[in-house]
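Everything below concerns the one structure shown next.
Just so it is clear, none of the values below were taken in a lab; they were calculated from the coordinates. Owing to the predicted nature of the structure, the values given are computational and were not obtained by experimental measurement. FYI the Cβ positions are ideal-geometry reconstructions off the backbone, even for glycines, and counts take in every protein chain you see.
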Amino acid sequence: MPQVKVRIGESIEKALRLLKKKVDKEQILKTARKQRFAAKPSVKKREKSKAARKYFS
């Protein structure tokens, strides 16, 4: 879990920006959204083949 320490005199907005950058870099929200709902095996297979076609094209 990313952490940002705020020092005395530092703005909260700056700390929030740093936290958002860390969260984006570690792709925390992306994985949380992906795991929110269970996907059927056929859907997983379709997505995997689609990603492979995109990668090799």
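Within a straight-line Cα-Cα reach of under 16 Å, residue 5 can be paired with the following lysines, leaving aside sequence neighbours fewer than 8 residues apart in one chain: 14, 20, 21, 22. The modelled label-to-label distance between residue 51 and residue 20, using points 7 Å beyond Cα along the C-beta direction, is 2.7 nm. In summary, the lysines within cross-link reach of residue 45, defined as a Cα separation below 23 angstrom excluding same-chain residues under 8 places away, comprise 30, 34, 54. The sum of -39500 (n - 2.57) across all DSSP H runs of n ≥ 4, divided by the residue count of the chain, sets its helix-only mean residue ellipticity at 222 nm to -21000 deg cm²/dmol.
If you take the beta carbon distance between residue 40 and residue 6 as r and set R0 to 30 Å, what does 1/(1 + (r/R0)^6) give as a FRET efficiency, to the nearest 0.05?
The formula returns an efficiency of 0.10 here.
Taking mean projected area of the Cα convex hull in nm² as calculated from this structure, the corresponding entry among (i) 5.8; (ii) 3.8; (iii) 4.2 is (i).
Computed from Cα atoms, the angle from the helix 41-56 axis to the main principal axis of the chain rounds to 80 degrees.
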